[in-house]
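Only one structure is covered here, and it is reproduced in the block below.
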Amino acid sequence: MKKALFCLSLLAVLALTACGGSKDAAEPTPTPLPEEIINNPVASDDGMASDPGMEVTPETATEPDVDAELSGMVDKLYEAHPVDLMLLTTSAVNLNDLSWLTYNTGLTADQATLVDAGVLSESLTGSQAYSLVLLRVKDKADAQTIADAILDNIQMNKWVCTMADKARVATFDDKVLFVMTNSELT
């Protein structure tokens, strides 16, 4: 019994220090998930709400389809400039879910109305500070406005164990490309 308690205690200590790192370095404070995400139940795969009182809408029942043009552009970027991260994936930016939109892009509801579609490319492991967002705006005249909003409002410390310390944004025609990363990954 003592051996089992010792093993469990050791396992708990290891789990609590999994993010590790030097205590001398300033530790990043992760951006908390929005309250709406924490407190609201989500729809299950069959489209039924896990909470009987929750209304199921197209926005809550399914994720938006990944925009083929934007996803293809990300693929071409990675072919030209490979990114060596574990479990790198590209997914759609859900413009109808303001909590996640703000969490991943820094955009407000008013700014989101200027965007036509978007993709997000990140590692599925939260210990690698890397995020690429590619958006297509409805009017190319708004591209710089959206680029400035992302750069000004994005949370560089949205991960639990790490944070980005470099961010770049570029506009071209009706597209806005934003990348943030930790300089160790750059």
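Each value in this text was obtained by applying a stated rule to the coordinates, not by laboratory testing. These numbers were taken from a predicted model, which means no experiment stands behind them. Methodologically, a virtual Cβ is constructed for each residue, glycine included, from the backbone with ideal geometry; neighbour enumeration extends over all protein chains shown.
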| query | Where does each of Leu151, Leu120, Leu177 land when they are ranked from fewest to most other beta-carbon atoms within 10 angstrom? | reply | Leu151, Leu177, Leu120
| field | Residues Arg168, Arg136, sorted so that the one with the fewest Cβ neighbours within 10 Å comes first | value | Arg168, Arg136
| query | Which percent of Cα pairs goes in each bin when the distances of region 63-181 are cut into 5 angstrom slices starting at zero? | reply | 2, 12, 23, 27, 22, 11, 3, 0
